[in-house]
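The structure appears right after this line, and notes come after that.
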Amino acid sequence: MPARNPFAEYTANKILTASPAEVTLMLYEGAIKFCNIAIIAIEQNDMEKAHVNIKKTQRIIEEFRNTLDRKYAVAEDFDRIYTYLLQRLVEANIKKDKEILEEVNTHLRSVRDTWKEVMKRCNKQA
């Protein structure tokens, strides 16, 4: 029988019990984390690790893009943001350019911070 991993159990429970808004926040945090790992990997000349983590960041942004609720006008604004970020990530991956990744991370942090503010305001109204 495999050894019990309390951290993995905690993480799984955290995700399973999170609201959709909290899951979205976790995904933004994950994208930022993977982008940071890719930046460090490029600095350390570990191009495979950079590639893997850029792809992880891309998958999260692709999921955001694919799950946009197009009945709201703001979805088109987010679609443009996500499309731009995906284009920049492809460019960063081809060139292994940490400056592009830092730019992407700046945008991700901005959207994440906005999302946190929305969550805060919604909780005050509830």
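The values are calculated or read from the model by the stated rules, or taken from the named source; none is laboratory data. As the structure is a computational prediction, the values presented were derived from the model and not from experiment. Here the Cβ positions follow ideal geometry from the backbone for every residue, glycine too, while neighbour counts run over all protein chains shown. The area values use the complete protein model at the heavy-atom level, side chains included, leaving out ligands, DNA and RNA. Shrake-Rupley method; radii C 1.70, N 1.55, O 1.52, S 1.80 Å.
Below, the figures for the structure above:
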{"item": "Accessible area of segment 24-126 belonging to carbon and sulfur atoms, whole % at 1.4 Å probe", "result": "53 percent"}
{"item": "Note, ³J(HN,Hα) from phi for segment 77-91, Karplus 6.51, -1.76, 1.60, rounded to Hz, x at Gly and Pro", "result": "5, 5, 4, 5, 4, 5, 4, 4, 4, 5, 4, 5, 5, 4, 4"}
{"item": "Computed [θ] at 222 nm, deg cm²/dmol, the chain (DSSP H ≥ 4; -39,500 (n - 2.57); rounded to nearest 500)", "result": "-29000 deg cm²/dmol"}
{"item": "Residue-level accessible surface for residue 107, protein heavy atoms, 1.4 Å, Å²", "result": "70 Å²"}
{"item": "Semi-axis lengths (Å, descending) of the ellipsoid that matches the C-alpha gyration tensor of segment 44-118", "result": "25, 13, 10"}
{"item": "Per residue solvent-accessible surface (Å²) - segment 7-124, probe of 1.4 Å", "result": "62 Å²"}
{"item": "12 Å beta-carbon shell around residue 32, net charge (K/R +1, D/E -1)", "result": "+1"}
{"item": "Selection from 108, 66, 19 lying farthest towards where the dipole of the chain points positive, charges on Cβ", "result": "19"}
{"item": "Reachable lysines, given that their alpha-carbon falls under 23 Å from the alpha-carbon of residue 71 and they are not under 8 places away in the same chain", "result": "116"}
{"item": "Charge dipole (debye, nearest 20) of segment 1-124; +1 at Cβ of Lys and Arg, -1 at Cβ of Asp and Glu", "result": "340 debye"}
{"item": "From the coordinates shown, percent of Cα pairs over 24 Å apart corresponds to which of (1) 37; (2) 52; (3) 24", "result": "(1)"}
{"item": "Candidates 84, 28, 72, ranked by Gaussian network fluctuation over the chain, Cα under 10 Å, top entry", "result": "72"}
